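Every number here is computed from the coordinates shown, using simple stated rules; none is lab data. Quick caveat: nothing in here was measured; it's all calculated off a predicted structure. Neighbour counts are summed over all protein chains in view; Cβ atoms, including those assigned to glycine, are modelled from backbone coordinates with ideal geometry.
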Amino acid sequence: MTMSLDGWPLAEPYKTKMIEWIELLPAPQREAALRRAGYNPFKLLAQEVYIDLLTDSGTSAMSQEQWSALMRGDESYAGSLSFQELERAVRDVLGFPFVLPTHQGRAAEHVLFRALAHAGDLVANNLHFDTTKAHVLAAGATPVDLVVPEGEDPEGDFPFKGNIDLARLDALLRDEGDRVAVVMTTVTSNNNGGQPVSLENLRAASEIAHRHGRLFFLDAARFAENAYLIQQRERGQASRSVAEIAHDMMACADGCTMSAKKDPMVNIGGFVALRDEDLYRRLRDFGILYEGYATYGGLAGRDLAALAQGLREAVYEPHLRYRVAQVGALHQALKDCGVPVMSPAGGHGVYIDAGRMLDHLPRDVFPGWALSVEFYRERGIRCVEIGTVLAGRDPSSGEHDYPPLDLVRLAIPRRVYSQAQLAQVAEAARRILARRRDIAGYRFTYEPATLRHFAAEFAPLA
Ligand code: F0G
């Protein structure tokens, strides 16, 4: 039985008011679904999936307070009441006076980089999430990843594997500072396991960026999980509230981009939040051009209202305590049965080191992809490869742009699955591990030129 911090069995801090049936298809139907989908979990239909751990983005359950906010949404084109609610929530929770809504996180990135990055520029980050990287590239700039070396080690229990390497950041700004459009930090760092960034590291990175006259931004999609992990892991933070810590994190930054589909628990939405009015005005022009007028940004008034409420709930400690414990319990269950997982557990999911688990498969036959297919085959579980297929090809050489690890992410939607359902996931992993030598690799039968993982099709190798 999984225990929580107080020694009692881990239990959801909410009860269910509305339910959605899920069904496990029989094995032959799952096999047929895989064939039809070209062995690509993105191409499975929702009704073919039993437990959907593809993403924690836009898949969380809203609270009754969010649903009632939705009903009260004000649909005025300009200056709506719901926008004002969002402004207040952003000010209260994050401390930023200006907010530019966008339809989701990548739209916030689009607006930010269109305004700030130009051809030949650099953008530094601990680890760029793929949409962030794509928007930096689309602006003609080059993304530079500066995560600490511990962040590339799946083992070892360094508590802040999302930290940015301060020495490398300082050197980059010293040598090429004029070219650096913006310094960012992604909290938590999605690409290496939902790993947190310490407050100490955020403060130091902010100081370095500002000393070199550069802007410092956060990619804040999972800021509340990051703040909770700071409270749990960073010296001197245990007695402080998550809300205070979140404020301190934001106080380091000139602004943030937000995919509100993660910690703020809406099905769609995002924003850029800013401290400086001049900067807000510069970005606003692009927001209006790409997203819509500055007080709705591609969202309905009701979406803004649900988002404002969700942002406040994001830092609610009983929610975070349960959520992070639930992720930790799945992490521990997989570790206990010998599945190699990225450690320590992160904030929003469990990442399996598929390259190690399927070490009989060379990287060019995609062990991460193969493992993600097996989760569906074994128990109708959908998850996602974060490895060679996702990384794509190096544009200059045309070769696979091998990332450090071939990972599979089991992302846990917020407030959706029970402990018993996640026990199914752990059991599936145990059974896959037992038959791992029989798992074959894959080859492309269709490989799109960009963002290939979404639409690619594969055939198993003999
Ligand atoms: N930044 C981070 C750290 C993200 O994880 C994501 C999305 C985005 C930005 C982009 O936000 O999807 O609202 O446009 N991550 C999703 C995921 C897709 O599954 O991790 P978006």
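Summary of values
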{"item": "The chain, helix-only ellipticity at 222 nm - DSSP H runs n ≥ 4, -39,500 (n - 2.57), divided by all residues, nearest 500", "result": "-12000 deg cm²/dmol"}
{"item": "Volume per residue that the Cα convex hull of the range 64-313 spans, once the total is divided by residue count, Å³", "result": "110"}
{"item": "Tilt relative to the chain, helix 277-290 - C-alpha long axis, 0 to 90 degrees, to 10", "result": "50"}
{"item": "Too-long pairs where the Cα-Cα distance tops 22 Å, listed order kept, from K15/K43; K15/K335; K161/K262; K161/K335", "result": "K15/K43; K15/K335"}
{"item": "Value of relative contact order over the range 311-462, rounded to a whole percent, pairs C-alpha under 8 Å and six or more apart", "result": "23"}
{"item": "Additional length obtainable on full extension of the chain from R356 to R35, 0.36 nm per residue less Cα span", "result": "113.0 nm"}
{"item": "Zone of R393's modelled label, taken as backbone nitrogen in the range 428-449 under 19 Å from a point 7 Å along Cα→Cβ", "result": "442-449"}
{"item": "Ranking of W8, W67 by count of other Cβ atoms within 10 Å, fewest first", "result": "W8, W67"}
{"item": "Nearest 10 degrees, 0 to 90: helix 27-36 Cα axis against the chain principal axis", "result": "60"}
{"item": "Förster radius 51 Å - calculated FRET efficiency between D285 and E457, Cβ distance, rounded to 0.05", "result": "0.80"}
{"item": "Computed label-point distance, nm, for sites E207 and H400 using a 7 Å Cα→Cβ extension", "result": "4.3"}
{"item": "Within the range 202-220, backbone nitrogen closer than 14 Å to the virtual label 7 Å beyond the Cα of H118 toward Cβ", "result": "none"}
{"item": "Over the chain, relative contact order from alpha-carbon pairs under 8 Å, at least 6 apart, %", "result": "22"}
{"item": "Exposed-loop-free span, longest in the chain, where GluC sites (Glu not before Pro) count as exposed if DSSP calls them loop and at most 10 other C-beta atoms lie within 10 Å", "result": "24-398"}
{"item": "Sequence of F375, F444 once ranked by neighbouring C-beta atoms within 10 Å, starting from the fewest", "result": "F444, F375"}
{"item": "Net length gained if the chain between D364 and A251 were fully extended (0.36 nm per residue, minus Cα distance)", "result": "36.3 nm"}
{"item": "Beta bridge orientation in the chain: antiparallel %, DSSP, nearest 5", "result": "65"}
{"item": "Per DSSP, loop trypsin sites (Lys or Arg not before Pro) in the range 150-249 with at most 12 further Cβ within 10 Å", "result": "R235"}
{"item": "Relative contact order, percent, the range 1-90 [alpha-carbon distance under 8 Å, six or more residues apart]", "result": "17"}
{"item": "Radius, Kirkwood style, for the chain when every pair of distinct Cα atoms is counted (Å)", "result": "22.5"}
{"item": "DSSP beta bridges in the range 64-313 [antiparallel fraction, %, rounded to 5]", "result": "45"}
{"item": "Q332-D74 FRET efficiency (beta carbon distance; Förster radius 51 Å; 0.05 resolution)", "result": "0.65"}
{"item": "Tilt relative to the chain, helix 301-314 - C-alpha long axis, 0 to 90 degrees, to 10", "result": "80"}
{"item": "Cβ-Cβ FRET estimate between W21 and E155, R0 fixed at 51 Å, reported to 0.05", "result": "0.80"}
